[in-house]
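Asks: Handing you a structure now.
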Amino acid sequence: MDKNIEKLVNYQEVDKELKVLEDEVRKSDESQKYLTAKKFLSTVNDSLSALESKAKVIVDSYNLAMTEIEKLKKTAEESSSTIDSCESENELNYFKKKFQSTIDAISNLEGKINSLSKEMDDVLKEFNKLRVATKQMKAQYEEYGPKFKALKDSKDAEMNKLKVKLEKLKADIDPVLMEKYQTRRNDKKFPIIYGVDISTNSVYCPACATEMSLSQKNELASGEIKECETCRKLLYALEK
Ligand SMILES: [Zn+2]
């Protein structure tokens with residue numbers, strides 16, 4: 001096997017041990033609960049502002065509708081008293097119509113006010129939910145913060161040892177290759193570099209099971225490290 005490939009494969013072996021420890025922390029109840037609470041608390045003010053804006057729009061519309069109703073009520077009263085003193089039929093009909101359309105407008109606005117009240121109730125419910133959730137998440141943060149830290153601390157020594165080991169191995173590996181490896185390392189999926197059996201007629205990527213083209217197969221056979229064209233994992237030919 002090419003020396004560079006061998007070194008990278010060795011590196012991956014050690015890196016895998018580090019990954020196991022990282023996963024133990026990442027997937028732990030302590031970490032999940034702590035990070036969920038942290039994320040919630042970091043966005044709760046935005047959620048609160050959004051609710052406040054929503055409430056303001058409703059209150060403004062409500063006040064506007066109330067003012068409008070007051071005006072219309074006055075108009076209705078005026079029309080009504082005018083009706084009493086009307087002398088001609090035409091005049092009477094005009095004010096009757098005016099009175100009726102004012103009453104209809106009031107009734108429309110009252111409907112609007114009803115639905116605004118309902119909207120406001122919903123916003124208040126959301127406020128309450130948010131308040132309860134915030135209290136819960138604060139407690140969760142306070143409980144799991146120290147637990148998460150303790151778990152991390154308990155792995156620290158072992159992780160640092162592995163990191164030192166990896167740094168040493170890294171110094172001896174082609175930087176271009178290392179860069180390719182590190183980019184994939186962030187995906188949190190292992191392995192990153194795969195040995196491929198190229199002794200068979202059809203050769204498949206061990207990571208994503210895509211069949212390789214003849215040219216890819218030939219490149220691997222020449223001892224190069226290649227990226228799978230489908231899943232971008234690093235591949236090298238296993239020696240048989
Ligand atoms: Zn693949």
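Asks: When residues of segment 226-240 are filtered for being more than 9 Å from the ligand (Cβ to nearest atom) and either outside any strand (DSSP E or B) or not aliphatic (A, V, I, L, M) (or both), how many remain? Lay out the reasoning, then the answer.
Replies: Of all residues in segment 226-240, those more than 9 Å from the ligand (Cβ to nearest atom) come to 226, 234, 236-240.
Right, trim to either outside any strand (DSSP E or B) or not aliphatic (A, V, I, L, M) (or both) and you get 226, 236, 238-240.
Total meeting the criteria: 5.
Asks: Consider segment 1-25. How many of its residues are among the basic types (Lys, Arg) and open to solvent by 80 Å² or more (accessible area, probe 1.4 Å)? Walk me through it before giving the result.
Replies: Residues of segment 1-25 among the basic types (Lys, Arg): 3, 7, 16, 19.
Checking which are open to solvent by 80 Å² or more (accessible area, probe 1.4 Å) leaves us with 3, 16.
Adding up the residues that qualify gives 2.
Asks: Write out, first by first residue and then by second, each pair whose Cβ atoms fall under 6 Å of each other, whose residues are 6+ apart or on separate chains, and whose first residue, in segment 204-226, is touching a residue at least 24 places away in the same chain (Cβ under 8 Å) while the second is within 12 Å of the ligand (Cβ to nearest atom) and open to solvent by 70 Å² or more (accessible area, probe 1.4 Å).
Replies: What qualifies is Cys208/Thr230.
Asks: If you don't mind, another one. Just need a number here: residues in segment 162-189 that are within 16 Å of the ligand (Cβ to nearest atom) and open to solvent by 50 Å² or more (accessible area, probe 1.4 Å).
Replies: Total satisfying the criteria: 4.
Asks: While we're here: Consider Ala55 carefully, then state whether it is surrounded by 16 or more Cβ atoms within 10 Å (Cβ to Cβ) and out of contact with any Lys or Arg (no Cβ under 9 Å at 6 or more places or on another chain).
Replies: yes
Asks: Within the set of pairs 6 or more residues apart or between chains, which connect a residue that is assigned to a helix (DSSP H, G or I) inside segment 106-121 to a residue that is open to solvent by less than 60 Å² (accessible area, probe 1.4 Å) and of a type in the set (S, T, N, Q) with Cβ atoms less than 8 Å apart?
Replies: Filtered contacts from segment 106-121: Lys112/Ser61; Leu116/Ser61.
Asks: Could you pull out the residue among Gly195, Gly223 that is open to solvent by less than 70 Å² (accessible area, probe 1.4 Å), small (Gly, Ala, Ser) and more than 16 Å from the ligand (Cβ to nearest atom)?
Replies: Exactly one residue qualifies, and that residue is Gly223.
Asks: For segment 201-222, give me each residue that is in contact with a Phe, Trp or Tyr (Cβ under 8 Å, 6 or more places away or on another chain), part of a loop (DSSP other than H, G, I, E, B) and not aliphatic (A, V, I, L, M).
Replies: Cys205, Pro206, Thr210
The values are calculated or read from the model by the stated rules, or taken from the named source; none is laboratory data. Computed from a predicted model, the values in this text were never measured in an experiment. Cβ sites come from the backbone with ideal geometry, for glycine too, and all protein chains shown count toward neighbours. In case anyone asks, the SASA skips ligands and DNA or RNA and just uses the protein heavy atoms, side chains included. Shrake-Rupley method; radii C 1.70, N 1.55, O 1.52, S 1.80 Å.
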